[in-house]
Amino acid sequence: MVGWAIALHGGAGDIPIDLPDERRIPRETALRHCLDLGVSALKSGKHPLDVTELVVRELENHPDFNAGKGSVLTAQGTVEMEASIMDGKTKRCGAVSGLTTVVNPISVARLVMEKTPHIYLGFDGAEAFARAHGVETVESSHFITPENIARLKQAKEFNRVQLDYTAPTPKLPEVSGDSQIGTVGCVAVDSAGNLASATSTGGYVNKMVGRIGDTPVIGAGTYANHLCAVSATGKGEYIIRATVAREVAALMEYKGLSLTEAAAYAVEQSGPRGCCGLVAVSANGEVAMPYNTTGMFRACATEDGYTEIAIWPKN
Amino acid sequence: MGRWAIAVHGGAGIDPNLPVERQEQAKQLLTRCLNLGIAALRSNVSAIDVVELVIRELETDPLFNSGRGSALTEQGTVEMEASIMDGTKRRCGAVSGITTVKNPISLARLVMDKSPHSYLAFSGAEEFARKQGVEIVDNDYFVTDDNVGMLKLAKEANSILFDYRIPLGCAGAAVTDSPIVMNGLPISIYAPETVGCVVVDREGRCAAGTSTGGLMNKMMGRIGDSPLIGAGTYASELCGVSCTGEGEAIIRSTLARDVSAVMEYKGVGLQEAVDYVIKHRLDEGFAGLIAVSNKGEVVCGFNCNGMFRGCATEDGFMEVAMWE
């Protein structure tokens, strides 16, 4: 009998070490708050599917992360959100893309999994489905923050595709070109070995309308089976081609690697430095949170009392 | 210099009572597409180009469920999706929700080659298509009378139809004669007929592609396994894979990716990898796949009743088949 474990992230990327307090503290506080929520839920016996969904909902509602409210903007200044969720024991999954008015995309992904014979719904069809199921919707303006308007402007000025995370100050983003924060996610395992993973995002700043990233692609941004649950973040195009989330499980399964080894290897092999990070838990209650970017907003806790909330590597 | 190999498929899961003339039509189409691919390979066209041109042929022909002849959504329209992957650098491109682009596989290729992204969908993909100047047609172009009839049938049965053209009269007989079931439906009203192609060229480069109209009577916006890299399509330095069958089973088992993963991490050959994933990865699901290796091998595997397929290798082997 092993204990429960939970890990969550608010995106991996080029997070500058000199991130000002007013930008760092709210995020750290949010991570702590979400971790506490998740831990309470696990302690009260909630299934990891419920735990990961509720944690991701909380992250979606927080305007400082790139999911739900606070999502980065498309090239047309709009929001297109996507999410996916997966249950390790049954490998059932649900995913959505192109949501524009749904307050909590992760919950729609869950509904797709539980209420349709399909796995993945996108765009108008997904919005219609959400309405038919009475999920909370709002005006698109709800999701748009001044920070993200500024980011889009900046990205257009530099005329390149950018993952969310440059300080939208007049300073040039001297922190190397592509800062990549995208995505929030949560993975959890309970003491019965039930596993789940949930991931949600607004995608890339200045992305083409209709662009789909790794987040809703099962095996890329999200994966869970009987061995582990994984949620990835970073440059979507790399994560897709490297099937990062699936990779962790495949390495454990086919090469007998431990969670820590498999997770580290999957990140390393995903692409050049600066392209991704992930959080993962195993059926045995272990946690891994590797990344090859400057930092990753992350938090984790295990039943034996270990807790971590961090952004950069520990010294 | 390696040897080339190619395989094509037109869907896994076939009713044993499929009318003979339809079997013949399918075989002829598969043969024609194989020959197209073979001719190209003999003139040293690269694997990725061969995959694209063969799938274009399959999309253009109304027989299978892709491009023209695609299954219809619940609203009687067509929404197509496709993905393509180049094993050499694992570059990939995918599209979903395509309604006016004549050849979705080519649009997927353009996403891979000409956009900063890997996957575009719905209106964004359509806009990209127009900017790229690809051939655009009305949605009607893709709709065939056959499929209008099938949609009616599916709605009457109030079930999701995976694309099947058994004439109405036979359906009843088929149900009692063939108790085979896929996705909870009798095989007579289930057969995906997604198309795909995998190729390894003389340089040992592998590529794969898959294209489909999806499920008959599907919800608007429904995305299946075909455009999902790792599920319906995958290619690496070692192999190229294209899958077809029950989308859910293919997605949750990341079927295409697993063939390569098993080769990479267990160090086994293509046949063993394909056998392994078909046997152990699908749980209760039904699916099939075609695969080539960088060594010039070609393998087909499926755990359901039949798969429309054809394969050929440089040393002269050629086979078009439907059953075991």
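The values are calculated or read from the model by the stated rules, or taken from the named source; none is laboratory data. Being a predicted model, the structure only gives us computed values, none of them experimental. Please note: Cβ atoms are built from the backbone with ideal geometry, for glycine as well, and neighbour counts cover all protein chains shown. Remember, those area values only see protein heavy atoms, side chains included, never the ligands or the DNA or RNA. Shrake-Rupley method; radii C 1.70, N 1.55, O 1.52, S 1.80 Å.
Within the straight-line cut-off of under 13 Å between alpha carbons, the aspartates and glutamates reachable from A:K46 are A:D190, sequence neighbours fewer than 8 places apart in one chain being disregarded.
Across the protein assembly as shown, the fraction of Cα-Cα pairs farther apart than 49 Å, rounded to a whole number, is 8%. Using a Förster distance of 60 angstrom, determine the FRET efficiency expected from the C-beta separation of A:S191 and B:Q132, and round it to 0.05. With R0 = 60 Å, the Cβ-Cβ based efficiency is 0.70. Dividing the alpha-carbon radius of gyration of the stretch B:210-324 by the rule-of-thumb value 2.2 N^0.38 Å gives 1.04. Assign one of three labels to the stretch B:24-170, namely rounded, prolate or oblate, based on the Cα gyration tensor with a ≥ b ≥ c the square roots of its eigenvalues; rounded applies when a/c is under 1.5, prolate when it is not and a/b is larger than b/c, and oblate otherwise. Cα axes put the stretch B:24-170 in the oblate bin.
Across the stretch B:315-324, coupling constants 3J(HN,Hα) worked out from phi with the 6.51/-1.76/1.60 Karplus curve, θ = phi - 60°, read 7, x, 5, 8, 8, 10, 8, 10, 9, 4 Hz, and Gly and Pro carry x. If R0 is 25 Å, the Cβ-Cβ spacing of A:K115 and A:E308 corresponds to a FRET efficiency of close to 0.10.
Looking at the stretch A:1-64, what % of the alpha carbon pairs are farther apart than 20 Å? Cα-Cα pairs of the stretch A:1-64 separated by over 20 Å account for 34 percent. The residues of the protein assembly as shown present an accessible area of 33 Å² per residue when probed at 1.4 Å with all protein chains retained.
Here the simple spin-label model places points 7 Å from the Cα toward Cβ, and for A:E22 and A:D50 these points are separated by 4.1 nm.
Taking the 1.4 Å solvent-accessible surface of the protein assembly as shown as the whole, the part contributed by carbon and sulfur is 51%. For the set A:T260, A:T183, the ranking by accessible area, highest first and with no ligand, DNA or RNA atoms included, is A:T260, A:T183 under a 1.4 Å probe. Label separation (A:T29 vs A:A128): 4.3 nm, computed from points 7 Å beyond Cα along the C-beta direction.
Buried accessible surface for the A/B chain pair comes to about 3400 Å², total over both chains, computed with a 1.4 Å probe. When the P(r) is computed for chain B, the part past 23 Å accounts for 51% of the Cα-Cα pairs. Couplings 3J(HN,Hα) of the stretch A:226-240, computed from phi: 6, 9, 7, 9, 9, 10, 10, 8, x, 7, x, 4, 6, 5, 5 Hz, in residue order, whole Hz [Karplus 6.51 cos²θ - 1.76 cosθ + 1.60, θ = phi - 60°; x for Gly and Pro]. Computed 3J(HN,Hα) for the stretch B:77-94, one whole-Hz value per residue from the Karplus formula 6.51 cos²θ - 1.76 cosθ + 1.60 where θ = phi - 60°, is 9, 10, 10, 9, 8, 7, 8, 9, 9, 9, x, 3, 10, 6, 7, 8, x, 8, glycine and proline marked x. Using the structure shown, list the pairs from B:K89/B:K114; B:K89/B:K279; A:K115/B:K218; A:K207/A:K314 with a Cα-Cα distance above 22 Å, or answer none. Among B:K89/B:K114; B:K89/B:K279; A:K115/B:K218; A:K207/A:K314, the Cα-Cα distance tops 22 Å for B:K89/B:K279; A:K207/A:K314. Note on surface exposure: B:M322, A:M252 rank A:M252, B:M322 by accessible area, highest first, 1.4 Å probe.
For B:A121, the residues whose amide H sits under 5 Å from its own are A:R211, A:I212, B:S96, ignoring neighbours fewer than 5 places away on the same chain, with H placed 1.01 Å from N. Placing a pseudo-label 7 Å from each Cα along the Cα-to-Cβ vector at B:D113 and B:E24 gives an inter-label distance of 3.9 nm.
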